[in-house]
Amino acid sequence: MEKWFRAVALAGAACLAMNEGHAAGITPGDTIIGVFDSVVKQGYIPNEPSLGVSTFHDNSGTAISTIVNSTNPALAGTPPLQATGSLLLWGANPSQSALIFFGAPIPTDFSQPFFAGRFTYLNGTSALASLIFGVTLSLYDNVVDPAHFLGSNQIFITTTNNIGSPLAQNADYINVCGNLSAICGQSAQAFEFSEGGTGVTFDLYGKIVGDPMFISLDIELTPGQDPVTSGVVGNLPQGAAVPEPASAGILAAALGLFGLLRRRARAQIG
């Protein structure tokens, strides 16, 4: 409970300008859809060339990545999740890594923290020059268009150069960061296939407030996952990606523009 209160407090401090409560246009039962784009190809690789050292890599001409986004809101399984999620693949030789996001349905009271989706993270072993360092994940309410936009987060991908055998030391991890995230300090860590890792799933929690926007409040290891062979949630800071210049300002301006256009449209309709 204390963890939840800290997360809610952080989100509230970041969103004082937003109108709390039920957001107009959201229909309970709709599916949250995630869309990957804007791959980051420059960043740092920890423990390279030696333990405790990070080396900058510009993989602009050598990074390998593929995005296959799903816009299908159809649900399946227990708990219900998108039957087909959005996929990010990256790296090469001998195996790629993958991150998949499956959205969950929006509950009746979406102003309170709820289970919003699940990440599946498969940690391959790739040549350092083929790696990426981040990607943008944009969320939508059931339909992928500006009218159903719920905001974007930056997914930072930190790949560690393998030194020695400890699974935790060599684990790669992601951080979910941005103006709409209270969990940038939480690291979702996946153990590598080459060291016995079996892949790992993490659950994303948040709430919808204001215009509307989705606020990321927590990320947890999915119940039933094995923290010995799959992965863990830790507190490692993101330290890999080098975003494009002024990307944070561009994101903030884009979010403001979306809100302005939507308020004007509602005023004209009313």
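The values are calculated or read from the model by the stated rules, or taken from the named source; none is laboratory data. Just so it is clear, the structure is predicted and the values come from calculations on it, not from any experiment. Methodologically, a virtual Cβ is constructed for each residue, glycine included, from the backbone with ideal geometry; neighbour enumeration extends over all protein chains shown.
Taking the conditions exactly as written (assigned to a loop (DSSP other than H, G, I, E, B), buried (at least 21 other Cβ atoms within 10 Å of the Cβ) and either modelled with pLDDT of 95 or more or of a type outside the set (Phe, Trp, Tyr) (or both)), does ILE100 satisfy them or not?
On the way: assigned to a loop (DSSP other than H, G, I, E, B): no; buried (at least 21 other Cβ atoms within 10 Å of the Cβ): yes; either modelled with pLDDT of 95 or more or of a type outside the set (Phe, Trp, Tyr) (or both): yes.
Answer is no for this residue.
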Original post:
Taking the stretch 61-97 only, how many residues are surrounded by fewer than 18 Cβ atoms within 10 Å (Cβ to Cβ) and in a strand (DSSP E or B)?
Top reply: 6
Original post:
Among (1) more than 26 Å from THR27 (Cα to Cα); (2) in a strand (DSSP E or B); (3) modelled with pLDDT of 95 or more, where does GLN189 come up short?
Top reply: (3)
Original post:
Taking the stretch 217-231, which residues are at pLDDT 95 or above and of a type in the set (Asp, Glu)?
Top reply: ASP218, GLU220
Subject >> Residue satisfying all of: in the stretch 27-54; within 23 Å of SER152 (Cβ to Cβ) and of a type in the set (Asp, Glu); surrounded by the most Cβ atoms within 10 Å (Cβ to Cβ) among these >> reply: ASP30
**OP:** For HIS57, work out the one condition from (1) crowded, with 18+ Cβ neighbours inside 10 Å; (2) part of a loop (DSSP other than H, G, I, E, B); (3) out of contact with any Ser or Thr (no Cβ under 8 Å at 6 or more places or on another chain) it doesn't fulfil.
**Re:** (2)
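Every residue in the stretch 113-127 that is among the hydroxyl-bearing types (Ser, Thr, Tyr) and buried (at least 19 other Cβ atoms within 10 Å of the Cβ), please. Write out each step before concluding.
Pass one, the stretch 113-127, residues among the hydroxyl-bearing types (Ser, Thr, Tyr): 120-121, 125-126.
Correct list: TYR121, THR125, SER126.
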Subject >> Candidate set: the stretch 128-145, residues that are among the aliphatic types (A, V, I, L, M) and part of a loop (DSSP other than H, G, I, E, B); chosen: the one surrounded by the fewest Cβ atoms within 10 Å (Cβ to Cβ) >> reply: VAL143
Original post:
Can you find a residue in the stretch 126-138 that is closer than 17 Å to SER187 by Cβ, of a type in the set (Ser, Thr, Tyr) and modelled with pLDDT under 95?
Top reply: no
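I'd like to know if the stretch 117-127 contains one or more residues that are in contact with a Cys (Cβ under 7 Å, 6 or more places away or on another chain) and either part of a strand (DSSP E or B) or of a type in the set (Lys, Arg) (or both).
Within the stretch 117-127, the first condition is being in contact with a Cys (Cβ under 7 Å, 6 or more places away or on another chain), and the residues that meet it are none.
No, because not a single residue in the stretch 117-127 is in contact with a Cys (Cβ under 7 Å, 6 or more places away or on another chain) and either part of a strand (DSSP E or B) or of a type in the set (Lys, Arg) (or both).
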